[in-house]
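For reference, the structure is listed below as structure tokens.
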Amino acid sequence: MYSFVYVKKKKLFNENIRLWLIFISIVVLIMLLFSFILLYKAKIYSQDNKYIISKILQEKKQILNLKNKIELIKKEKNLALEIKANNDMINSFIQNIFDLVPDEIFLKKVIIQKDKLYIYGFTPSKEIYNKKFLVSFNHIFNQNKTNFYRNKYGYFFETRFRIKEDR
């Protein structure tokens, strides 16, 4: 029974309020703990992100370097193929020169320059040189100059040819 005459003192925190305050404080503590964990994870992910971005930039630089090296190797390959083609052409040219030389004429030295050809050798006579050797070279060269020197084998010759230019 309740009496209005005798006042009963009430506690500031009764059992229900105390239970609610404990529950709310536990929830607040758990939320703070989760927020600190999330902040820590965000910091770690941010550092990992920076590391990954730096690795990606390094890889892009390596890819660019490799592309440059590949381009250089392709250029070197093309240059090597061009040199090989030129060497094959020169070998063919030299073989053709030796095929044009008759058996009576012996070559001592052949010098090939860009647009000139120097041939040194021995011939038994000027007539064999002019009829068998010089005639076969006239379709390739447009200028020639020959010097003959008499020796015990016949003649030593020096011939300078200038190669015809294609027009």
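The values are calculated or read from the model by the stated rules, or taken from the named source; none is laboratory data. Bear in mind that the values here come from a model prediction, so they are computed numbers and not experimental data. Using ideal geometry, Cβ is built from the backbone for each residue, glycine included, and neighbour counts are taken over all protein chains shown.
Table for the structure above
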quantity: Selection from segment 96-152 of residues that are over 41 Å from the mean Cα position of the chain (by Cα) and hydroxyl-bearing (Ser, Thr, Tyr); calculated: Tyr120, Thr123, Ser125, Tyr129, Ser136, Thr146, Tyr149
quantity: Within segment 95-132, considering residues that are out of contact with any strand residue (DSSP E or B) (no Cβ under 7 Å at 6 or more places or on another chain) and of a type in the set (A, V, I, L, M, F, W, C), the one nearest to Phe156 (Cα to Cα); calculated: Ile128
quantity: All strands (runs of 3 or more DSSP E) inside segment 68-152 with 1 or more residues being of a type in the set (A, V, I, L, M) and not assigned by TED's automatic domain parsing to the domain that holds Arg162; calculated: none
